[in-house]
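Remarks on the structure that follows.
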Amino acid sequence: MTAPDDNKDDSQREVTITAKDLPLACPRPGSPLWARHPRIYLDVLKAPLGEAACPYCGTLYRFTGARPSGHHG
């Protein structure tokens, strides 16, 4: 997972996700205490633009790179 300014958690409101980060759950491991909420899973692969926003904290996750092959996508 990479985010702007090499921030590895969801303290920023946009996070870039790759296939190695799937399945995607929010909040991400290492998230700051203020960003903690019930864990939910987001399916960025089924979204038309490869993006999904968390309904709790509003963090936007954007999928980039090669899509996984097989039953994941």
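Can you tell me which residue in segment 21-53 is modelled with the lowest pLDDT, limited to those that are exposed (fewer than 11 other Cβ atoms within 10 Å of the Cβ) and not in a loop (DSSP other than H, G, I, E, B)? So, considering only residues that are exposed (fewer than 11 other Cβ atoms within 10 Å of the Cβ) and not in a loop (DSSP other than H, G, I, E, B), the one modelled with the lowest pLDDT is TRP34. Take segment 1-20 and flag every residue that is touching a strand residue (DSSP E or B) at 6+ places or on another chain (Cβ under 6 Å), of a type in the set (A, V, I, L, M) and modelled with pLDDT of 80 or more. VAL15, ILE17 - these are the residues of segment 1-20 that are touching a strand residue (DSSP E or B) at 6+ places or on another chain (Cβ under 6 Å), of a type in the set (A, V, I, L, M) and modelled with pLDDT of 80 or more.
The values are calculated or read from the model by the stated rules, or taken from the named source; none is laboratory data. Note that the structure is predicted; figures quoted are calculated from it, not measured. In this analysis, Cβ positions are derived from the backbone assuming ideal geometry, glycine residues included, and neighbour counts consider all displayed protein chains.
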